[in-house]
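Everything on this sheet refers to the single structure shown next.
The values are calculated or read from the model by the stated rules, or taken from the named source; none is laboratory data. Treat the numbers as computed from the prediction; the structure is a model and nothing was measured. Here the Cβ positions follow ideal geometry from the backbone for every residue, glycine too, while neighbour counts run over all protein chains shown. For accessibility, only protein heavy atoms count, side chains too; no ligands or nucleic acids. Shrake-Rupley method; radii C 1.70, N 1.55, O 1.52, S 1.80 Å.
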Amino acid sequence: MNRRAFLTLSSLAALAACTTSPAPSGGGGVGPDGRPLPRVYRIGPGQRGQIEYRMLDAVNSLRQASGAPTLTLDSKLQAAAATHARDMSVQNRPWHFGSDGSSPIDRVQRVGYTGRLVGEAISETYETELETLSAWMEETPTRNVILDSSATEMGFAWHQESNGKIWWCLVTGASGMGATPGMQT
């Protein structure tokens, strides 16, 4: 990762610590190893827009640092991401296929997206969206989805279970590029 992208990612991680999310529940105190116990990141009902735009801003900062054009949120890609986040929870496994055997390509076509699917990044975690983005940037396949210069649009959604587990899904697409010949994951 180049120095500029590293500095941007470090800044985003620091920003994540400063966000105004409701106080996490659970955890607190110190564990037997002397380290702080983990805390569950709870997403409040009114935070949807804040989280979506915080993620879009963070992704665009990383893209700009790498020389890629910025993305815009697309409501159809958002719908495809939301459907898959909930479905991964139902299946209780993070993978790119739906419980009905659907692929990411199938899901973006079902919601009427007419552009080309570029890729999909998924995660099962208790971490914030920016911590999840940081983890995605450490892995070549998901970093490639996020930084692909052909992408012009993004959908980002999640499903949080009552125990705090979050199923994140980020989908990138290229408007005006026609049918999806293949994709990255």
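Here the peptides 129-138, 48-57, 155-164, 90-99 are ranked by packing, the mean other Cβ count within 10 Å, and the order with the highest first is 129-138, 155-164, 48-57, 90-99.
The heavy atoms of Lys165 present about 30 square angstrom of accessible area, all protein chains included, probe 1.4 Å. Ordering 115-121, 83-89 by mean Cβ neighbour count within 10 Å, with the highest value first, yields 115-121, 83-89.
Each residue of region 88-93 was assigned a 3J(HN,Hα) from its phi angle through the Karplus curve 6.51 cos²θ - 1.76 cosθ + 1.60 (θ = phi - 60°); the sequence is 4, 4, 4, 6, 6, 7 Hz, with glycine and proline shown as x.
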